[in-house]
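Student: Quick one: structure below, then a few questions.
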């Protein structure tokens with residue numbers, strides 16, 4: 001086999017000829033006929049495949065996600081011993097190099113750069129698959145809307161067909177319910193299928209940044225980290241939009257520090273402003289209450305989106321975040337929030353379009369500044385959940401002002417119980433953690449991340465439910481980190497069984513890739529004490545450890 005030719009595969013980027021020869025020596029060459037299946041969706045790939053010649057098709061059910069040319073890599077989930085999320089089929093006569101699973105594990109331990117190259121390919125594949133799945137979902141919605149319109153027209157055209165039309169409307173209603181269920185299931189599956197590998201990528205990247213690295217490795221890691229963060233923003237935006245449109249987004253009502261929240265947004269985004277060479281100012285009314293009752297997370301999301309957008313579209317001058325008290329008494333405060341920029345501005349005929357999903361003012365804007373076009377859509381709908389409306393005034397080449405007004409109840413500063421702020425303030429003597437997780441890479445991320453915080457704590461791992469129950473019976477654990485989707489029993493069932501065994505004081509914290517409210521509620525309904533979303537940050541993991549080990 002020609003080494004110079006096969007080196008064009010992304011798996012071998014930066015890999016020497018000698019190492020490639022060693023890998024090829026350990027590999028097998030196989031030939032597949034057209035329409036022959038290399039690996040079915042749901043199966044664990046037996047090998048990592050590299051196309052030497054021919055074309056392969058990637059399908060999710062009946063949806064063609066991609067056609068892969070020579071030198072493409074397939075079956076990447078083999079590195080995590082994970083189930084394939086698509087089916088691989090030979091489109092033409094296909095010659096492939098197959099690196100068997102066990103042999104690839106051995107080679108990746110010997111040459112870590114192979115794992116880096118697989119991660120980079122996986123990033124590109126995830127983005128492409130996500131786009132294809134979204135297009136398919138939107139096409140189904142368009143088809144359904146068209147059916148509803150046609151049936152409604154038939155109803156208006158003739159009273160003689162009233163009985164028939166009513167029957168069809170009932171069928172349409174059933175289809176709508178089924179479509180909503182499909183959409184909810186689709187979003188739950190997408191959340192799990194994307195967040196599970198993302199947890200490994202983000203977690204391992206965070207761990208690698210703390211290890212000795214040369215300059216080039218550090219640069220590559222920073223690219224992986226930034227790409228992962230950007231992809232998570234897109235995933236979260238899509239999930240938020242889905243929850244809002246389904247009417248499943250509810251605002252919390254609890255005291256939060258309004259002044260501190262605005263200042264934190266300014267501090268975080270000021271770095272981005274300085275990088276662009278523009279200013280970020282803050283004008284806060286002296287009468288602004290320190291604490292109000294509301295949803296701090298969603299309010300922060302709106303302000304962050306608006307200020308972040310303003311910085312993105314401002315090339316000179318700067319951005320001002322303004323909070324004005326319009327009316328106040330001992331109980332309530334009406335506050336107007338404005339984000340004013342000196343950016344590119346928006347033409348009057350495009351003002352309504354910027355609030356549409358997946359839309360920006362123009363195609364040129366998208367090409368130059370990037371983005372999904374979801375930020376303003378989500379911000380507008382979150383503001384409406386606050387019983388307000390997001391307004392905008394703008395002049396092209398002069399700037400824009402986005403503003404909204406919210407009525408808050410004034411709150412007293414809550415009394416915070418003393419809690420150790422550092423990990424070394426928690427005594428982990430004789431404390432032991434059980435990690436219930438079937439994914440090998442996520443096991444590695446969780447264990448190593450916990451050891452970074454508490455180097456001396458004991459951690460056991462169970463990769464399926466029955467093993468977890470046995471270990472809980474035989475050992476004295478302080479807390480359990482519980483994955484939700486496992487091979488034999490789900491995390492809810494395992495938790496219920498643990499509680500039935502009488503372990504009422506054992507702290508159980510869910511580790512879930514889903515951010516849907518229904519699944520979070522299901523965690524608590526099953527008897528769990530806490531939950532942590534994957535991918536998790538080192539800061540969030542530390543917070544959960546301190547809370548649950550100190551309880």
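The values are calculated or read from the model by the stated rules, or taken from the named source; none is laboratory data. The structure presented is a predicted model; accordingly, all values stated were derived computationally and were not measured. All Cβ positions, even for glycine, are placed from backbone atoms using ideal geometry, and neighbour counts span all protein chains on display.
Student: Looking at 56, 80, which one is without any contact (Cβ under 8 Å) to a residue 60 or more places away in the chain, closer than 30 Å to residue 487 by Cα and surrounded by 15 or more Cβ atoms within 10 Å (Cβ to Cβ)?
Tutor: Step by step, each of 56, 80 is checked, and only 56 is without any contact (Cβ under 8 Å) to a residue 60 or more places away in the chain, closer than 30 Å to residue 487 by Cα and surrounded by 15 or more Cβ atoms within 10 Å (Cβ to Cβ).
Student: When you scan region 3-25, do you find a residue that is over 19 Å from residue 116 (Cα atoms), in contact with a helix residue (DSSP H, G or I) (Cβ under 7 Å, 6 or more places away or on another chain) and part of a loop (DSSP other than H, G, I, E, B), even just one?
Tutor: no
Student: Determine whether region 69-77 contains at least one residue that is over 26 Å from the mean Cα position of the chain (by Cα), more than 28 Å from residue 220 (Cβ to Cβ) and at pLDDT 90 or above.
Tutor: No - not one qualifying residue is present in region 69-77.
Student: Pairs please, first residue from region 318-330 and not assigned by TED's automatic domain parsing to the domain that holds residue 289, second anywhere and crowded, with 16+ Cβ neighbours inside 10 Å, Cβ atoms under 9 Å, 6+ apart in sequence or on different chains.
Tutor: Close Cβ pairs (under 9 Å, with a partner that is crowded, with 16+ Cβ neighbours inside 10 Å) do not exist here.
Student: Of the residues 38, 71, which single one is surrounded by 15 or more Cβ atoms within 10 Å (Cβ to Cβ), in the same structural domain as residue 16 (by TED's automatic domain parsing), in a loop (DSSP other than H, G, I, E, B) and touching a strand residue (DSSP E or B) at 6+ places or on another chain (Cβ under 9 Å)? Give the derivation first.
Tutor: Values: 38 fails: in a loop (DSSP other than H, G, I, E, B).
One residue alone meets the criteria, 71.
Student: Kindly provide the set of residues from region 203-223 that are in contact with a helix residue (DSSP H, G or I) (Cβ under 8 Å, 6 or more places away or on another chain) and part of a loop (DSSP other than H, G, I, E, B), ordered by number.
Tutor: If the condition is that a residue be in contact with a helix residue (DSSP H, G or I) (Cβ under 8 Å, 6 or more places away or on another chain) and part of a loop (DSSP other than H, G, I, E, B), then 210, 213 are the ones that fit.
Student: Consider region 461-480. How many of its residues are part of a helix (DSSP H, G or I) and touching a residue at least 24 places away in the same chain (Cβ under 8 Å)? Explain how you work it out, then say what you get.
Tutor: Quick first cut of region 461-480, residues part of a helix (DSSP H, G or I) only: 465-474.
The next check asks that each one be touching a residue at least 24 places away in the same chain (Cβ under 8 Å); those that pass are 465, 468-469, 471-473.
Result for region 461-480: 6.
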